[in-house]
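For reference, the structure discussed in these notes is given below.
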Amino acid sequence: MVIRAGVEFAHLSDIGCQREHNEDFSGYWEPEAEEQFRRKGRLAVIADGMGGYEGGEQASQIAVKTVREVYEQGSGEEPQSDLVLGLRTAHERIQEYAILNPGFLGMGTTCTAACVVKGKLYFAHVGDSRLYLIRSGSISRLTRDHSYVNRLIETGLIRAEEAEGHPQRHILTAALGVGADFTADSPVTPLALKPGDMLLLCTDGLWALVADEELRAVAGRDTAADACRELVRLAKERGAPDNVTVQLLRLAGDGAANF
């Protein structure tokens, strides 16, 4: 895996404390050719599969590999469009796979894909895996959960603090491979990044147990790898009933490197 100067990258995935298999999957990619890198930058993708061991595992792998393939083959002129096309293609491929393998009917996955190109962040997202921006000591969530509980919060039927213990908090309202319609969120314009920014991608196995402020504090550990290990440790210390996956990108703080 190529990782150029300008970004410190680390990732970690753990089966958790109660599951028998890991249905999460993630990937990171940079083009080897410098000319391509200038156009396409860096890509990080994370997915949380569902539909039983083999179904969920297959769905998350199809999603991550398809998004990378589509993004890699794109022109690089419209990164946002390439990400959305990657998610749409993954949605279709997962459905095709389930049709050819009837035992996997109902398989699906969340997917959050982000790319950093010429100092700008582009992303596309389906489900409840999250993308956070950590900047100047504060953390903000850039993605919106496609979940039943989040819909209740947005319509004012419950308060955010009630969501934690809600019995239907794990029900998704959108996922790749599920349903006839493809639904994805993506920003209208890219986000300009600053030196020292951190991008954190994670599945619900982490954010459901580790609060946003804890994510922010731990992300600043000595190295990105240390931070990922500590975040997974915290989730497991708290029972980790689900798989736990995290990716962390820390942008150069001196402003000199091209990220």
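The values are calculated or read from the model by the stated rules, or taken from the named source; none is laboratory data. These figures come from a predicted structure and were not determined experimentally. Here Cβ is always computed from backbone atoms with ideal geometry, including for glycine, and neighbour counts include all displayed protein chains.
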Next item on the list: Identify the residue in region 179-195 that is closer than 30 Å to GLY106 by Cα and without any contact (Cβ under 8 Å) to a residue 24 or more places away in the chain and, among all such residues, is surrounded by the most Cβ atoms within 10 Å (Cβ to Cβ).
Entry: GLY179
Next item on the list: Return the only residue of LEU87, LEU83, LEU105, LEU12 being surrounded by 18 or more Cβ atoms within 10 Å (Cβ to Cβ) and farther than 21 Å from ASP185 by Cβ.
Entry: LEU12
Item checked: Looking only at region 18-47, and only at residues there that are among the basic types (Lys, Arg) and over 16 Å from ALA5 (Cα atoms), the one that is surrounded by the most Cβ atoms within 10 Å (Cβ to Cβ) -> ARG19
Next item on the list: Please go through region 202-217 and pick out each residue that is buried (at least 24 other Cβ atoms within 10 Å of the Cβ) and part of a loop (DSSP other than H, G, I, E, B).
Entry: THR203
Check: Could we say that ALA44 is under 24 Å from ASP226 (Cα atoms) and of a type in the set (Gly, Ala, Ser) here?
Finding: yes
Notebook entry, point to check: Identify, please: which residue in region 169-200 is among the charged types (D, E, K, R) and assigned to a loop (DSSP other than H, G, I, E, B) and is, among those, nearest to VAL218 (Cα to Cα)?
Noted result: ASP197
Check: Within region 229-254, which residues are closer than 18 Å to VAL116 by Cβ and not in a loop (DSSP other than H, G, I, E, B)?
Finding: VAL246, GLN247, LEU248, LEU249, ARG250, LEU251
Next item on the list: For LEU234, indicate whether it is at pLDDT 95 or above and over 15 Å from the mean Cα position of the chain (by Cα).
Entry: yes
Next item on the list: Mind listing whichever residues of region 4-45 are under 17 Å from VAL246 (Cα atoms) and hydrophobic (A, V, I, L, M, F, W, C)?
Entry: VAL7, PHE9, ALA10, LEU12, ILE15, CYS17, PHE25, TRP29, LEU43, ALA44, VAL45
Checklist line | Enumeration of residues in region 126-148 that are touching a His at 6+ places or on another chain (Cβ under 8 Å) and surrounded by 24 or more Cβ atoms within 10 Å (Cβ to Cβ) | finding: VAL126, GLY127, ASP128
Check: Can you pull out the residues in region 45-83 that are farther than 27 Å from GLU20 by Cβ and in contact (Cβ under 8 Å) with a residue 60 or more places away in the chain?
Finding: PRO79, GLN80, LEU83
